[in-house]
Amino acid sequence: MGRSPSVVADIISTVEFNHTGELLATGDKGGRVVIFQREPEGKTEPFSQGEYNVYSTFQSHEPEFDYLKSLEIEEKINKIRWLPQQNAAHFLLSTNDKTIKLWKVSERDKRPEGYNLKDEEGRIKDISTVTSLQVPVLRPMDLMVEVSPRRVFANAHTYHVNSISVNSDCETYMSADDLRINLWHLGITDRSFSILRLVCMMLAYIVDIKPANMEDLTEVITAAEFHPFHCNLFVYSSSKGTLRLCDMREAALCDKHSKLFEEPEDPSARSFFSEIISSVSDVKFSHSGRYLLTRDYLTAKVWDLNMENKPLETYQVHDYLRSKLCSLYENDCIFDKFECAWNGSDSVIMTGAYNNFFRMFDRNTKRDVTLEASRESSKPRAVLKPRRRRKDDIGVDSLDFSKKILHTAWHPAENIIAIAATNNLYIFQDKLNSEMH
């Protein structure tokens, strides 16, 4: 049975902590953004972690129609990225397939009273009735969270936006679609600087303008991210499983990469599905900036920026699906795009799988654990305990492929993770270390 439109609109499509971890934002297929705030630790339980409660909800995008191309533009939120906080307000970027918006999130707990030219309901007074002047004052009021649009960045992407990334200079960000990466200034909305156009001509890694004949195209951009503290460096991944590190100091148009990360293919293992399952669905710089974490359909890989010829580490996420690739191709699951995440110290990585399973890999001990995001035997507001799963317990034929963990996020400093399971958000905390060790 298909899901009702209201249920489909509630499906979470992105999850993102802010830089302190005090706020957590989710976007859904209905174009809504929900922000959760972490409550302070309770006085009666000083060692307990604060819960995340709803802080604000707003409609970020609405469905649109491109009359020139006769295409519907979905309201689904593809990505959310927080800007580093520089004052009392918070700022975040949200994007659907075509339009990126900058939002300001601020609090107000006082209201002005005693205007000379307005009455208590805000209506303009008759000037002839004003016989004396008074100084307006600020009165306390119930806390109100205001979300207001500050910028709209539109009309720069022909194809669907798959990534946005804020630069460490806090002034620019980039947005990527299948064939182009645009560099934007947060204060300028009417133009973007095209720093990358990907097209495959003679060699798959040549960067140039869009080809006259789209049949010549052999790969597309799948994800892109800025380096965490070198504002001139960024990386982008492709549907052929390659990573390209680019330096914006070398040229205004980055048509040549500084480094190409590619794992040699084993000819004996090549099959019809090889290129599909090697497509990189997500790429993340480590917090240290030294490593890259990538996710393809079956594996998660850690790359060292100083070693281009092969990944430093390869982790099998659900290798037991390799025998089912034909069925997964027929039901389109093989095209699912799983995300990945680092913990705060870059020592553990996390990524999702099917049946509401998600995997964690400890890079130091090489131990891994399979956990399940489930509401079984849990009461409202109770701490959800993930259940350990052994590989032997997993029967491929019993997996529910409609339940998939595509979107995950890890608190930047603490062992708190956010897991999006269809239209449910799970937050696990505290017991991650005991699960891994």
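Say whether the condition of being over 25 Å from Val33 (Cα atoms) and modelled with pLDDT of 90 or more is met by at least one residue in segment 163-175. Scanning segment 163-175 turns up at least one residue that is over 25 Å from Val33 (Cα atoms) and modelled with pLDDT of 90 or more. As a summary of the residue check, Arg249 satisfies the conditions (1) touching a residue at least 24 places away in the same chain (Cβ under 8 Å); (2) farther than 16 Å from Asp304 by Cβ; (3) open to solvent by 30 Å² or more (accessible area, probe 1.4 Å) except for the one numbered (1). Taken as a whole, the structure leaves Val152 outside the set of residues that are among the hydrophobic types (A, V, I, L, M, F, W, C), in contact with a His (Cβ under 8 Å, 6 or more places away or on another chain) and either in a strand (DSSP E or B) or over 22 Å from Asp178 (Cα atoms) (or both).
Say we look at segment 47-100 and pick out the residues that are basic (Lys, Arg) and within 18 Å of the chain's Cα centre (by Cα); which of these is nearest to Asp169 (Cα to Cα)? Only one residue fits best here, namely Arg81. Looking at segment 296-312, which of its residues are under 23 Å from Phe273 (Cβ atoms) and free of Cβ contacts under 8 Å to residues at least 60 places away in the same chain? Across segment 296-312, the qualifying residues are Asp296, Tyr297, Leu298, Thr299, Lys301, Lys310, Pro311. Pairs are defined by a Cβ separation below 6 Å, a sequence spacing of at least 6 or placement on different chains, a first member in segment 252-281 that is under 21 Å from Tyr329 (Cα atoms), and a second member that is part of a helix (DSSP H, G or I) and of a type in the set (A, V, I, L, M, F, W, C); the pairs so defined are Phe273/Leu325; Ile276/Ile334.
The values are calculated or read from the model by the stated rules, or taken from the named source; none is laboratory data. Note that the structure is predicted; figures quoted are calculated from it, not measured. Positions of Cβ are backbone-derived with ideal geometry, glycine not excepted, and every protein chain shown enters the neighbour counts. We work out accessible area using only protein heavy atoms, side chains counted, and drop any ligands, DNA or RNA first. Shrake-Rupley method; radii C 1.70, N 1.55, O 1.52, S 1.80 Å.
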